[in-house]
Amino acid sequence: MKHVTPLVRLAAGALFATFSLQLFASELGTYGDTWDIHERNLIAALKDNLTQHFGNRTQEDIEREMQRKAEERALRPTPVPGLTTARETHSRLFDPSFTVQRDIADHNGVVFAQKGQKINPFDVIPVFDETLYFIDADDSRQMAWIKQQVPHTTSSRVILVNGNVRDSATALGMRVYFDQTGSITKKFGISQVPAEVKQAPGQKLFLITEFGLPDP
């Protein structure tokens, strides 16, 4: 039992890195307080083009336009590509197990996870008491659908794959998140929204359900 703590940390990191760290990094909040989060990267990306575009305008005008465009992009990130909405509902299981790519040692140099070892995070974190919902907030059907969902877990999160973060948060009366770059949907192999991800009852697996909706 000497090396349980490092292994628990490794498993926890693998489990929550699947979505949590990426979610926190892309969290935009309920009230659109997004400028500080994205300012530096967006300013760098927009500076050259805007300087050329507004070559005859003042620096103040340029900076004002840069801020406006940065805020627009922060509130409406690039949609996750490749997702569809269909009429059929599909459910499947997802195994979060991973294979250790190299020996991992603690601060004393004692190896607690060996290269090639397969680890299921649920072996050391048996219960994931949270439900994740993925929706396209520009689809009124999906907005109506999410309002009807009642999770059977202690907590839940709504994760957008498309849409305006501030408007969605206001409409739902709750904080929402955005799957920037589509990293989370890719991890779970989600191709259809709305979708729900939760731990399969009594199993060391995730249950992923992609819900069908009637045609608009």
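Observations
- Filtered residues of the range 72-88 (kept if within 17 Å of Pro214 (Cα to Cα) and part of a loop (DSSP other than H, G, I, E, B)): Leu83, Thr85, Ala86, Arg87, Glu88
- In the set (1) in contact (Cβ under 8 Å) with a residue 12 or more places away in the chain; (2) farther than 29 Å from Thr209 by Cα; (3) among the basic types (Lys, Arg); (4) in a helix (DSSP H, G or I), Arg64 fails one condition alone, (1).
- Qualifying positions in the range 142-195 - of a type in the set (Lys, Arg) and part of a strand (DSSP E or B): Arg157
- Between Ser156, Ser91, the distinction of being exposed (fewer than 13 other Cβ atoms within 10 Å of the Cβ) and either at pLDDT below 95 or closer than 25 Å to Leu213 by Cα (or both) belongs to Ser91 only.
- Of the numbered criteria (1) modelled with pLDDT under 85; (2) surrounded by 20 or more Cβ atoms within 10 Å (Cβ to Cβ), the one Ser168 fails is (1).
- Within the set Phe211, Phe206, Phe134, Phe178, the sole residue that is in contact (Cβ under 8 Å) with a residue 24 or more places away in the chain, buried (at least 19 other Cβ atoms within 10 Å of the Cβ) and closer than 20 Å to Thr99 by Cα turns out to be Phe206.
- Subset of the range 95-140 that is touching a helix residue (DSSP H, G or I) at 6+ places or on another chain (Cβ under 6 Å) and of a type in the set (D, E, K, R) - its residue that is farthest from Ile184 (Cα to Cα): Asp106
- Filter result for Ala70 (closer than 26 Å to Ile184 by Cβ, touching an Asp or Glu at 6+ places or on another chain (Cβ under 7 Å) and either modelled with pLDDT under 80 or among the β-branched types (Val, Ile, Thr) (or both)): yes
The values are calculated or read from the model by the stated rules, or taken from the named source; none is laboratory data. Everything quoted here is computed from the prediction, not taken from an experiment. So basically every Cβ, Gly included, is an ideal-geometry build from the backbone, and we count neighbours across all protein chains shown.
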